[in-house]
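Peer 1: Handing you a structure now.
The values are calculated or read from the model by the stated rules, or taken from the named source; none is laboratory data. Because the structure is a prediction, the values reported are computed rather than measured. Here Cβ is always computed from backbone atoms with ideal geometry, including for glycine, and neighbour counts include all displayed protein chains. To get the accessible areas, we keep the full protein, side chains included, count just its heavy atoms, and leave off ligands, DNA and RNA. Shrake-Rupley method; radii C 1.70, N 1.55, O 1.52, S 1.80 Å.
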Amino acid sequence: MTNSIAEIEEAGCIFVIGSNTTACHPLISRRIFRAKEKGAKLIVADPRNIQLSRFADVAVTHRLGSDVALLNGMMHIIIQNGWHAKDYIAQRTEDYEALEKVVNTYTPDRVQAITGVDQKNLERMAELYATNPPASLLYAMGITQHTTGVDNVKSCCNLAMLCGNVGIRGGGVNPLRGQNNVQGACDMGGLPNVMTGYQPVADPKVMEKFSKAWGKKLSERPGLTITDMIPAMLEGKLKGLYVIGENPKLSDPDWNHLNHALKELDFLVVQELFLSETAQAADVVFSAASVAEKEGTITNTERRCMRMRKAIEPIGNTLSDWEIICKFSTAMGYEMKYENPEEIFNEMRSLTPKSYAGMTYERLGLDGLQWPCPDTNHPGTPYLHKDQFTRGKGKFHDIEYKDPAEMPDKEYPYFLTTGRMFAHFHTGTMTRVSPHLDVEQTTGYVSINPKDAAALEAKEGDVLILTSRRGQIEVPAKLTNSVAPGLLFLPIHFGESPTNVLTNAEAFDPLAKIPEFKVSTVNIRKFSE
Amino acid sequence: MQEQVKEWLEQGKVDIFLGYKMVEGHPLPHFFTKENLAEVNDLITGSVRYPLEKIATKIAAQDPDIRIGLLVRDCNQRALNVLYVWNQLNPENVETISVNCCPSKLKEHADCSYLEPQKSGPYKKKVGVDNNMNLEEVEAYDQQERFTRWIYEFQKCIKCYGCRNICPVCFCKECSLEHDDLINTGDLPPEIPIFHLVRAVHMAGRCIDCGLCEDACPVDIPLRLLYKKVNEIVVDVFDYQTGTSPSQSPFNILGDKVTLELKPISKAA
Amino acid sequence: MDCKIVPSVCSYCGTGCGVLFEVMDGKLVGTMPMKTHPVNEGKLCIKGWNLHEHVNSFMRLKQPLVKTFGRFIKTDWDEAIQLTADRFREIIEKYGPDSIGVLVSAKITNEENYLGQKFARAVIGTNNVDHCARL
């Protein structure tokens, strides 16, 4: 997030797109409700009718994967009406002309044809967003898990900059992170192209610094992303895989494809709390300690680095992930020896000057600190790009709408989208063993509009067979008006009805390599004995 | 206060004392024991409230004979009375130190977090129920409007169960709120208004108006008002004053002839 | 009885709510919201309130496992680590460091992520390190 969670309450307008906030980030939806009750305007754009839609000043259900067209359409109206922040654009941004040229072609008629959102609603969205500063834009995986994920994000940024909403309190472009430490995993260099604090692997100076610190000459060859690793396994280029606390068998885009790939590996080692779907396929499983059994820091979606503390001793013969990595590394001939996580943290911050250098365990306390925090007197940064963008000037991008990889046709006439429900989390490894969460939803389901269900003569709970170009699953129906006719929703938590049997591994964003989980097409029929 | 606690711990009058301690700038519940007597110097009354008596019931469930001391404000004392009458805590094993948290004329039903009430925003005042209202003010709305306003509030519910989980007098092993035959599970928001009404009904003769539920509600539903209403009915019909005394039978509200027996404190699963 | 309250951070979504773990005699018995935490101000969602349940689950792995003839056998750390290190070394010798991939995690700590990528880069010698940010 460019801004902080608490600042959402100070917004004049909140635009939620591609985030079912009440279910997936409930304590952020709290801020949205509070802002709304204080008088902020609320815009919700989501292919489904979500809980927040009921409270919105304008709520639209745009067609799956049509976000760029919707956002360009809003910008078209904003510019036509002169609502854009002209001074801000002139002083703080560049390439505005290119943006204007593209969005000029996104007339309300054209946008309606693509998105299904009518002119009146589009105008209302544009007006509310542009005329109630500061406006905070919130999004989640509904924006990013597309073949056009990067385009979608850039379009969100375009809109925010167009109205001068980046670099101000209460505004911003605010992606809501789905995992407790996805921000931290990125910050720590858990990516093939960057080291800690996004220092590029391609920069020889950076690699020299790390080589020196770690006492080993480091490779400058770019690495593979998770999306690239799968074909590499199939081609026999990737032979060994060390998976720490992930369950790609259920979270990756194509179950069958990945299953095949994992079998091609010479050796798979998985470090886990539970014998997850992926751990079951492993040659060796390392038993890891849980959140309550270890020390360390995590960085939340608002860049706040906070300390987790050990409450109990590790259960059974489990070890903290850091201890396992140290043992493994030492056995591989590279001695890693740390007294405690604080020592690791201090090594990390000494190599991460711009963002983490000023944080110490003592300073973090219970409140944590938000990066950038470059020195030990720095109070942390509640919102980014205050007087200047990190890169200097904010760059507008001219983005054209592109269809998702799959559109409904005769053979596969239904749109399918995937996501989370409120009581479960990700692949369900942690929540399905939790009695109070399991009681809410014990099995997978598919949300289907009652009209579509009637056409299949299917009642609540009847088993439907969903078929895509990749595979087929059987799953009970849940009748709901939250999805329009022609649209189905599958939660991702349930291994017995794995969404990634249906979703498309071939379709991913060319730059971010994020799979298009949010759009695929399927056919359905009722199961009969 | 600190001297008193030290004395109790040293003399074995209590085995454990529940109070608050400042931890890195945050007042957190803390367990003081004889083994760490010096820590008692850090005992504070705390500017926030946690359900200390609920934590006490968890301790008692693990070890029914343990002698527990705790800091109590008016609301904690009322909660303790309810827990005594429902046999969830044995009053003989509980020692309290009273903290006067309510230096106001509202003493009876005031508590610290409400001495300076949060302001409700204009939109909430327009369509919802202002958390600062009293029952008469809400009941001044005509029935249709009242209903619409409450439905607005319930629709915000994110089904965290925080109202139940924080509640010092919610101790049932099985909860109707999770019963699929009564309320659909797995829906968000939970089935409206039945989810909240089922909880409200169960608060009749139980709720001691401490306000922790409303404090824990992520979406600011004025739960306290709702439970005040059901308790008002209990007072009117049965003259049952919830939490005011440790001796009244909870079955007063069922009528005179009921001879049900309380089940003993059961060890937590 | 040994009781304590331990402040920590919820490990479900990216919001990062402050929680208090209730510990009695070394057992985790409950989770409460931290009232004064800047993120959640004393409130939690259904997952946060039940954070302790997955920790206590009987389904938890309690020791390292090694697969032999298609079945998992319980083992100790020395054997599990040594076996894995030997196999990884064989693979590196035969196919080079880029034949190994490491998936770090959005569910482990910063310190562990830091070590995970250090492991890939300094120990294995590859930049094949990623996690499920995309998923």
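Peer 1: Compute the label zone of A:Glu335 within the range A:215-252: residues whose backbone N is under 13 Å from the point 7 Å along Cα-to-Cβ.
Peer 2: Within reach of a label on A:Glu335: no residues.
Peer 1: Packing-wise, with mean Cβ within 10 Å as the measure, how do A:364-370, C:63-69 rank, highest first? Don't jump to the answer; show the numbers that get you there.
Peer 2: Working: A:364-370: 20.9, C:63-69: 16.4.
Ranking the peptides A:364-370, C:63-69 by packing returns A:364-370, C:63-69.
Peer 1: Next up: Explain nothing, just compute: Karplus ³J(HN,Hα) = 6.51 cos²θ - 1.76 cosθ + 1.60, θ = phi - 60°, for every residue of the range A:375-386 in order, whole Hz, x for Gly and Pro.
Peer 2: 9, 6, 9, 6, x, x, 10, x, 9, 8, 6, 4
Peer 1: Also: Kindly provide the pair-distance distribution of chain C built from C-alpha pairs, with 5 Å bins from 0 and whole-percent values in order of increasing distance.
Peer 2: Result returned by the calculation: 2, 9, 12, 13, 15, 15, 12, 10, 7, 4, 1, 0.
Peer 1: Still on this structure: Do any chymotrypsin sites (Phe, Trp or Tyr not before Pro) in the range C:1-67 lie in a DSSP loop with no more than 13 other beta carbon atoms within 10 Å, and if so, which? Mind dumping the intermediate values first?
Peer 2: Details: sites: C:Tyr12, C:Phe21, C:Trp49, C:Phe58; in loops: C:Tyr12, C:Phe58.
The qualifying sites are C:Phe58.
Peer 1: Could you quote the convex hull projected area for the range B:168-225, Cα atoms only and averaged over all directions, in nm²? If you can, show how the numbers build up before the last one.
Peer 2: Details: hull surface 17.1 nm².
If you wrap the Cα atoms of the range B:168-225 in a convex hull and average its projections, you get 4.3 nm².
Peer 1: Still on this structure, please answer the following. Starting from the amide H of A:Leu42, placed 1.01 Å from N in the peptide plane, find each other amide H under 5 Å away whose residue is 5 or more places distant or on another chain.
Peer 2: Amide H neighbours of A:Leu42, under 5 Å, 5+ apart: A:Ile14, A:Asp57, A:Val58.
Peer 1: With each label point set 7 Å from Cα along the Cα-Cβ vector, what nm distance links B:Asp236 and A:Lys216?
Peer 2: 7.5
Peer 1: Share of antiparallel DSSP beta bridges in the range A:271-421, in percent to the nearest 5?
Peer 2: In the range A:271-421, DSSP labels about 70 percent of beta bridges as antiparallel.
Peer 1: How big, on average over all directions, is the shadow cast by the Cα convex hull of chain B, in nm²?
Peer 2: Averaged projected area of chain B's Cα convex hull equals 16.4 nm².
Peer 1: A follow-up question, please. Principal axes first, then extents: for the Cα atoms of chain A, list largest minus smallest coordinate on each axis, whole Å, largest first.
Peer 2: That gives 67, 65, 43 Å along the principal axes, largest extent first.
Peer 1: Right, next: Suppose R0 equals 22 Å; then what is the FRET efficiency for B:Glu137 and B:Leu197 from their Cβ-Cβ distance, rounded to the nearest 0.05?
Peer 2: Given R0 = 22 Å and the Cβ-Cβ separation, E is 0.60.
Peer 1: Tabulate in residue order the Karplus-calculated ³J(HN,Hα) for the range A:346-355, using 6.51 cos²θ - 1.76 cosθ + 1.60 with θ = phi - 60°, rounded to whole Hz; enter x for Gly and Pro.
Peer 2: Those phi angles translate into 5, 5, 4, 5, 5, 9, 10, x, 6, 9 Hz.
Peer 1: With an 8 Å Cα cut-off and a minimum separation of 6 or more residues, compute the relative contact order for chain B in percent.
Peer 2: 19
Peer 1: Tell me the per residue accessible area of the protein assembly as shown using a 1.4 Å probe; a whole number in Å² is fine. Don't skip to the end; give the middle numbers.
Peer 2: Details: 34870 Å² over 933 residues.
Spelled out: the 1.4 Å probe surface of the protein assembly as shown, per residue, equals 37 Å².
Peer 1: If you don't mind, another one. If the reach is capped at under 22 angstrom between alpha carbons, list the lysines near A:Lys205, excluding any in the same chain fewer than eight residues apart.
Peer 2: A:Lys216, A:Lys217, A:Lys354, C:Lys118
Peer 1: Just tell me how shielded B:233-245 is by partners: mean number of partner chain Cβ atoms within 10 Å of each residue's Cβ, no decimals.
Peer 2: 0
Peer 1: Let me ask you something else. Ordered by residue, what ³J(HN,Hα) values in Hz, to whole numbers, does the range A:509-520 give under the Karplus form 6.51 cos²θ - 1.76 cosθ + 1.60, where θ = phi - 60° and Gly and Pro are x?
Peer 2: Along the range A:509-520, the couplings run 5, x, 8, 7, 6, 8, x, 8, 5, 7, 9, 8 Hz.
Peer 1: Need one number: nm distance between label points at B:Glu92 and A:Gln280, each 7 Å from Cα along Cα→Cβ, rounded to one decimal.
Peer 2: That separation, rounded to one decimal, is 5.4 nm.
Peer 1: Report the calculated FRET efficiency for A:Val463 and A:Lys410 (r = Cβ-Cβ distance, R0 = 25 Å), to the nearest 0.05. Write down the numbers at each step before the final one.
Peer 2: Working: r = 24 Å, r/R0 = 0.96.
Efficiency for this residue pair is about 0.55.
Peer 1: Determine, for the range A:414-526, the count of lysine pairs separated by eight or more sequence positions (or lying on different chains) whose alpha-carbon distance falls under 23 Å.
Peer 2: Here the count comes out as 8.
Peer 1: Just to be sure I understand: if you take the accessible area of chain A alone plus chain C alone and subtract the pair, with a 1.4 Å probe, what total do you get in Å², rounded to 100?
Peer 2: 10300
Peer 1: Non-local amide H neighbours of C:Val29 (under 5 Å, H modeled in plane, Pro and chain starts lacking H): which ones?
Peer 2: Close amide H contacts, sequence-distant or interchain: C:Glu22, C:Val23, C:Met24.
Peer 1: If you count the DSSP beta bridges with both ends in chain A, what percent of them are antiparallel, to the nearest 5?
Peer 2: Counting DSSP beta bridges with both partners in chain A, the antiparallel share is about 40 percent.
Peer 1: Roughly how many Å is it from the Cα centre of the range C:44-106 to that of the range B:55-105, as a whole number?
Peer 2: 46
Peer 1: While we're on this one: If we count trypsin sites (Lys or Arg not before Pro) as exposed when they sit in a DSSP loop and have at most 10 other beta carbons within 10 Å, what is the longest stretch of chain A that avoids them all?
Peer 2: On the way: sites that count: A:Lys337, A:Arg391, A:Lys410.
The longest uninterrupted stretch comes out as A:1-336.
Peer 1: Another question about this same structure. Out of the total accessible area of the range A:414-526 (probe 1.4 Å, heavy atoms of protein only), what percent is carbon and sulfur? Each step should come with its number before you reach the end.
Peer 2: On the way: 2020 of 3710 Å².
Ligands and nucleic acids excluded, carbon and sulfur give 54 percent.
Peer 1: From Cα pairs below 8 angstrom and at least 6 apart in sequence, can you work out the relative contact order of chain C, rounded to a whole percent?
Peer 2: Averaging sequence separation for qualifying contacts and normalising by length gives 13 percent for chain C.
Peer 1: On to the next question. Do the sum for the protein assembly as shown: with -39,500 (n - 2.57) for every DSSP H run of n ≥ 4, divided by all residues, what is the mean residue ellipticity at 222 nm, to the nearest 500 deg cm²/dmol?
Peer 2: On the way: 35 runs with 298 residues, N = 933.
That calculation yields -9000 deg cm²/dmol at 222 nm.
Peer 1: Tell me the carbon and sulfur percent of the accessible area for the range C:3-55, rounded to whole percent, probe radius 1.4 Å.
Peer 2: 50
Peer 1: Rounded, prolate or oblate: pick one for the range A:305-396, where a ≥ b ≥ c are the square roots of the eigenvalues of its C-alpha gyration tensor, a/c under 1.5 means rounded, and failing that, prolate if a/b is larger than b/c, else oblate.
Peer 2: prolate
Peer 1: Tell me the label-point distance for the pair B:Thr45, B:Glu174, using the 7 Å Cα-to-Cβ offset, in nm and rounded to one decimal.
Peer 2: Reported label-point gap for B:Thr45 and B:Glu174 is 4.3 nm.
Peer 1: Something else now. Mind checking the mean number of beta-carbon atoms from other chains within 10 Å of the Cβ atoms in B:213-222? Don't skip to the end; give the middle numbers.
Peer 2: Working: counts 0, 0, 5, 8, 3, 18, 9, 5, 0, 0.
The shielding value for this peptide is 5.
Peer 1: Now for a separate question. Where both partners of a DSSP beta bridge lie in the protein assembly as shown, what percent of those bridges are antiparallel, to the nearest 5?
Peer 2: In the protein assembly as shown, DSSP labels about 50 percent of beta bridges as antiparallel.
Peer 1: A follow-up question, please. Run through all the Cα pairs of the protein assembly as shown and give the fraction in each 20 Å bin from 0, expressed as whole percent.
Peer 2: So the P(r) values, bin by bin, are 14, 45, 35, 7, 0.
Peer 1: Report the full-extension gain for the segment A:Asn481 to A:Glu94: residue separation times 0.36 nm, less the Cα-Cα distance, to one decimal in nm.
Peer 2: Full extension from A:Asn481 to A:Glu94 adds 135.0 nm.
Peer 1: Moving on to the next point. Near B:Lys6, which lysines are there with a Cα under 19 Å away, not counting those fewer than 8 places off in the same chain?
Peer 2: Answer for B:Lys6, where 19 Å is the Cα cut-off: B:Lys21, B:Lys34, C:Lys4, listed by chain and number.
Peer 1: Based on the Cβ-Cβ distance of B:Arg146 and B:Leu182, what FRET efficiency does E = 1/(1 + (r/R0)^6) give at R0 = 25 Å, to the nearest 0.05?
Peer 2: The formula returns an efficiency of 0.55 here.
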